[in-house]
Amino acid sequence: MKVVFAFVLISLIGSLAHCKTNVAVVDELGNIELYAAHSLRNGSRAMQMLKPQEGGEGYKTVMRYRSYMYTWEKTDDAGFVRRWHIDEDGKLLETRDNLLTSQGPIFIRGSSDDLIEKMLLISPVGKSVKIMEPITLQTEVEIKPEMYGNFQLEPVDAALTAKYLYVGYNIPELKSEGIVMQYDVSQNYTKVNEVRTIYIAHFEIRGQSDLYAVNPFLPSLLTKTIRRWNPDTLEVVAEVKSPCVESLVLSEDLKILYVGCDSVTAYDIADAQLEVKCESDVGGTVGLILFNNRLFSSGEGVTQYSINTPGGCPLIIRTASGVYQGMLGGILY
């Protein structure tokens, strides 16, 4: 059985009328493999494979943002962010745009709002978040937090809308505590608010929706927490406990929050709530990504769902069980 430890994403190629949905994964050798989503099944063959260019551990991250694909590659002594063009056949073509980074880990994320077109480069080791121009990869603003009392802050995720940049910082010395800081985009990313919280693993926000977050597994926390904040005041709107949460993604109509772990659970988020609506019957889900009313999960394989169903409940379309295994999406969009 072929095992692929993967960051997986969904890429929409071409027009909405004639679109192709492809799945890109990073395998255990650091190669990027590209598959046509409609042909996912056991034993699927990659339509394209890209081998590492710089040696070392190879590609670690692959992410679709707007019309391009972005990758981060770890070498023996550095790292590289690369921008890729997507051709009419849905294959990746290298551009000349790349950025030298540290060895990382480095997380790449696009803005979560159609009204602003920026990239985020999140470096926990470098203790910085860079806001970049997505074509040239030039850094426009770099956020480096000051000491929080006697403690260093480590950025682990960030989300950008037209109004605010949100950065989730963990405090390594305090094993279960973190901080969310809010920066005003119109004031050149001046910090305007902060809230103390539990450890942050992933953010989720879409446009002017509420801000959602989940904490990672920690021995000091017996359950995980899904927390919902008001995007302007950072007041807690709702929160629920769950024994297992690995990833989360909002529906495009902002009515449902999909949460992945042992299965995919749909939470009703209307009227400032977080209530379970329904749950899929597929296990091993450690990553989710959603586009054009199609939801993909990874774990013990890659599963594609339709959510154009009553109540938005995930309906399985196809599963490539045993072909892929690993993280899908997570903080990648």
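The values are calculated or read from the model by the stated rules, or taken from the named source; none is laboratory data. Bear in mind that the values here come from a model prediction, so they are computed numbers and not experimental data. Because the Cβ atoms are built from the backbone with ideal geometry, glycine has one as well, and the counts that use them run over all protein chains shown.
Without any contact (Cβ under 8 Å) to a residue 12 or more places away in the chain and within 25 Å of LYS118 (Cα to Cα): is that true of LYS191 in this structure?
Taking the combined requirement at face value, the residue satisfies it.
Could you please find all residues in the range 159-181 being polar (S, T, N, Q) and farther than 15 Å from SER128 by Cβ?
THR161, SER176
For the range 121-177, which residues satisfy the criterion of being among the hydrophobic types (A, V, I, L, M, F, W, C) and over 21 Å from ARG196 (Cβ atoms)?
Within the range 121-177, LEU121, VAL125, ILE131, MET132, ILE135, LEU137, VAL141, LEU160, ALA162 qualify.
Within the range 265-280, track down each residue that is buried (at least 20 other Cβ atoms within 10 Å of the Cβ), under 13 Å from CYS313 (Cβ atoms) and modelled with pLDDT of 85 or more.
Answer for the range 265-280, where residues must be buried (at least 20 other Cβ atoms within 10 Å of the Cβ), under 13 Å from CYS313 (Cβ atoms) and modelled with pLDDT of 85 or more: THR265, ALA266, TYR267.
Kindly indicate the residue of the range 60-86 that is part of a strand (DSSP E or B) and basic (Lys, Arg) and also farthest from LEU115 (Cα to Cα) among those meeting that condition. Give the derivation first.
To start, the set of residues in the range 60-86 that are part of a strand (DSSP E or B) comprises 60-65, 68-74, 79-86.
In the following step, the residues that additionally are basic (Lys, Arg) were identified as 60, 64, 74, 82-83.
Numbers: LYS60: 29, ARG64: 17, LYS74: 32, ARG82: 24, ARG83: 21 Å.
So, considering only residues that are part of a strand (DSSP E or B) and basic (Lys, Arg), the one farthest from LEU115 (Cα to Cα) is LYS74.
Quick one: count up the residues across the range 186-215 that are at pLDDT 90 or above, farther than 23 Å from LEU254 by Cα and β-branched (Val, Ile, Thr).
Residues that pass the stated criteria total 3.
Condition first: more than 30 Å from ASN22 (Cα to Cα) and modelled with pLDDT under 90. Can you find one or more residues in the range 155-168 that meet it?
no
Here are some residues: ILE200, ILE171. Which one is closer than 26 Å to ALA272 by Cα, aliphatic (A, V, I, L, M) and out of contact with any helix residue (DSSP H, G or I) (no Cβ under 7 Å at 6 or more places or on another chain)? Break it down into steps so the answer makes sense when it comes.
Numbers: ILE171 fails: closer than 26 Å to ALA272 by Cα.
The unique qualifying residue is ILE200.
Matching residues to (1) part of a strand (DSSP E or B); (2) in contact with a His (Cβ under 7 Å, 6 or more places away or on another chain); (3) at pLDDT below 80; (4) among the hydroxyl-bearing types (Ser, Thr, Tyr):
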| position | (1), (2), (3), (4) |
| --- | --- |
| THR233 | no, no, no, yes |
| VAL240 | yes, no, no, no |
| VAL282 | no, no, yes, no |
| TYR333 | no, no, yes, yes |
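Within the range 219-231, can you find the residues that are part of a loop (DSSP other than H, G, I, E, B) and at pLDDT 90 or above?
Correct list: ASN230, PRO231.
When only residues in the range 284-313 that are at pLDDT below 70 and in a strand (DSSP E or B) count, which is surrounded by the most Cβ atoms within 10 Å (Cβ to Cβ)?
Across the range 284-313, the extreme among qualifying residues is GLY299.
Criterion first (touching a Ser or Thr at 6+ places or on another chain (Cβ under 9 Å), closer than 30 Å to GLU173 by Cα and surrounded by fewer than 14 Cβ atoms within 10 Å (Cβ to Cβ)) does LYS144 satisfy it?
Numbers: touching a Ser or Thr at 6+ places or on another chain (Cβ under 9 Å): yes; closer than 30 Å to GLU173 by Cα: yes; surrounded by fewer than 14 Cβ atoms within 10 Å (Cβ to Cβ): yes.
When the stated conditions are applied, LYS144 passes them.
Of all residues in the range 186-207, which are surrounded by 14 or more Cβ atoms within 10 Å (Cβ to Cβ) and over 22 Å from TYR148 (Cα atoms)?
GLU204, ILE205, ARG206, GLY207
Which of (1) of a type in the set (Val, Ile, Thr); (2) more than 24 Å from MET47 (Cα to Cα); (3) in contact with a Ser or Thr (Cβ under 9 Å, 6 or more places away or on another chain) does VAL81 not meet, given it meets every other one?
For VAL81, the exception is condition (2).
For the range 83-133, enumerate the residues that are of a type in the set (Ser, Thr, Tyr), surrounded by fewer than 16 Cβ atoms within 10 Å (Cβ to Cβ) and either over 29 Å from ILE171 (Cβ atoms) or in contact (Cβ under 8 Å) with a residue 40 or more places away in the chain (or both).
THR95 - this is the single residue of the range 83-133 that is of a type in the set (Ser, Thr, Tyr), surrounded by fewer than 16 Cβ atoms within 10 Å (Cβ to Cβ) and either over 29 Å from ILE171 (Cβ atoms) or in contact (Cβ under 8 Å) with a residue 40 or more places away in the chain (or both).
Can you name the residue in the range 147-184 that is among the β-branched types (Val, Ile, Thr) and out of contact with any Asp or Glu (no Cβ under 7 Å at 6 or more places or on another chain) and, of all such residues, is surrounded by the fewest Cβ atoms within 10 Å (Cβ to Cβ)?
VAL156
Could you tell me whether the range 24-39 includes any residue that is closer than 22 Å to SER112 by Cβ and assigned to a strand (DSSP E or B)?
Yes - at least one qualifying residue is present in the range 24-39.
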